[in-house]
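**Q** Submitted below is the structure of interest, expressed as structure tokens.
The values are calculated or read from the model by the stated rules, or taken from the named source; none is laboratory data. Remember, predicted model here, so these are calculated numbers, not experimental data. So basically every Cβ, Gly included, is an ideal-geometry build from the backbone, and we count neighbours across all protein chains shown.
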Ligand code: GAL
């Protein structure tokens, strides 16, 4: 059948209208309101997806008038998602909501005028006293609050394969860098990768953990606000220790995401891996039970934190649907549904620890009692510009091993971005 151009344009217009109305609901007054809520994350697989699914199921109960649309872009730490998001925001095509880390990363979006003030919703939903004051401060700029936190993750955790460690004679995780080096030697003698590692941002995480060991919590925090100098002897020592650690890692690290390094542990080909506690959820989702966990050697009572939060972008197609999503994210039920599967702990202070798996119960106790420091690899400590500069410095060091050049790059990045 041949249609005239005018008829085919009309057919296309009717089809578009039909498609649009399936995504809308009538409010009875003849107008339609959008139903779809596009939630943009990088939680596409394993434990991350399981956490998101928990939240989506609660959203289905709380917000039955709306439909969740999964806008996830795979890639650990948002390595791909953040680029896609930046270009969508630049083109005026925001999703209905996206994940952003509390702290400096969130401030970037606020400064760029890309997200809405949610202070009124905090009042309306009774959220103002639901979260710890320090976290609220990290979400607030000039007295306005811009996002709803879903969780608290811990970054400085060392995961191990218990059977591999036992075969190397390691029965207890090290508590100092020196003892750790001795254990890595034992693993090397067994012919496994002693310390599994991935690409740039995972290298930055490992380096941050070494900095915490060598500088301590207070000086480490000063690295991000200009209080601690990056050209100091402490930082030089941390670079030396980090360089030594790299000799125990897989040489193909630059091609690995965090889940590839995790697979070395699961397959019994690796001993240890430094990674955030989304690894607990991911190992559980993948049904690997033989893992150990402890704080990174030498970090003592320091809890390196980050928090995922959700925002209402300016120009979001469905702000009412987004608000319903945000209300679920901030609710006690939403936080439980999400965090039991995500490896993180609730940002809310009223959650019952007993409802969580053993790992999170320990993390809930540590979060309350330990010294809290932020993470640059996950945006609580540093802006996206600072993070990008450090990621590329780490990636470069991974291939050229030039310690002097690394420290110079760190100093240059801090002079441009630390505040
Ligand atoms: C972090 C994020 C976590 C987890 C991790 C690995 O940036 O906060 O929730 O998803 O990346 O992808």
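**Q** Given the residues 368, 419, 341, which is the only one that is farther than 21 Å from residue 243 by Cβ and within 16 Å of the ligand (Cβ to nearest atom)?
**A** After ruling out the rest, the residue left standing is 341.
**Q** Considering only strands (runs of 3 or more DSSP E) fully contained in region 31-109, which possess at least 2 residues that are more than 15 Å from the ligand (Cβ to nearest atom)?
**A** Hits in region 31-109: 32-34, 36-40, 67-70.
**Q** Still on this structure, please answer the following. Does residue 92 satisfy the criteria of being without any contact (Cβ under 8 Å) to a residue 60 or more places away in the chain and on the phi > 0 side of the Ramachandran plot?
**A** No; evaluated as a whole, the condition is false for this residue.
**Q** Next question, about the same structure. Out of all the residues in region 374-382, is one or more part of a helix (DSSP H, G or I), surrounded by 23 or more Cβ atoms within 10 Å (Cβ to Cβ) and within 16 Å of the ligand (Cβ to nearest atom)?
**A** The answer is no, given that none of the residues of region 374-382 is part of a helix (DSSP H, G or I), surrounded by 23 or more Cβ atoms within 10 Å (Cβ to Cβ) and within 16 Å of the ligand (Cβ to nearest atom).
**Q** Here's another thing I want to ask about it. Pick from region 119-139 the residues that are away from the ligand (no atom under 15 Å from the Cβ) and buried (at least 19 other Cβ atoms within 10 Å of the Cβ): which of them is farthest from residue 275 (Cα to Cα)?
**A** Here the residue is 122.
**Q** All but one of (1) over 16 Å from the mean Cα position of the chain (by Cα); (2) within 12 Å of residue 154 (Cβ to Cβ) hold for residue 321; which doesn't?
**A** Checking residue 321 against (1) over 16 Å from the mean Cα position of the chain (by Cα); (2) within 12 Å of residue 154 (Cβ to Cβ), the one that fails is (2).
**Q** Right, here's the next one. Read through the list (1) surrounded by fewer than 23 Cβ atoms within 10 Å (Cβ to Cβ); (2) within 14 Å of the ligand (Cβ to nearest atom), then give the number of the only condition that residue 306 fails.
**A** (1)
**Q** Got a sec? Which of 177, 206 is farther than 18 Å from residue 104 by Cβ, within 16 Å of the ligand (Cβ to nearest atom) and touching a residue at least 24 places away in the same chain (Cβ under 8 Å)?
**A** 206
**Q** Same structure again: Select, from 169, 198, 191, 143, the only residue that is farther than 22 Å from residue 364 by Cα and within 16 Å of the ligand (Cβ to nearest atom).
**A** Answer to the selection: 198.
**Q** Which ones in region 261-276 are touching a helix residue (DSSP H, G or I) at 6+ places or on another chain (Cβ under 9 Å) and within 16 Å of the ligand (Cβ to nearest atom)?
**A** Across region 261-276, the qualifying residues are 261, 262, 265, 273, 274, 275, 276.
**Q** Identify all residues within region 301-333 that are closer than 23 Å to residue 203 by Cβ and either at pLDDT below 95 or out of contact with any helix residue (DSSP H, G or I) (no Cβ under 8 Å at 6 or more places or on another chain) (or both); write none if there are none.
**A** The answer is 306, 308.
**Q** What are the residues in region 254-275 that are over 15 Å from residue 75 (Cα atoms) and either modelled with pLDDT under 95 or in a helix (DSSP H, G or I) (or both), if any?
**A** Of everything in region 254-275, those that are over 15 Å from residue 75 (Cα atoms) and either modelled with pLDDT under 95 or in a helix (DSSP H, G or I) (or both) turn out to be 263, 264, 265, 266.
**Q** State all residues of region 279-320 that are in contact (Cβ under 8 Å) with a residue 24 or more places away in the chain, farther than 23 Å from residue 245 by Cα and assigned to a loop (DSSP other than H, G, I, E, B); if no residue qualifies, say none.
**A** Matches in region 279-320: 286, 290, 307, 311, 312, 314, 315, 316, 317, 318.
**Q** Go through (1) within 17 Å of residue 149 (Cα to Cα); (2) out of contact with any strand residue (DSSP E or B) (no Cβ under 8 Å at 6 or more places or on another chain) one by one and return the number of the condition residue 419 breaks.
**A** That leaves (1) as the condition not met.
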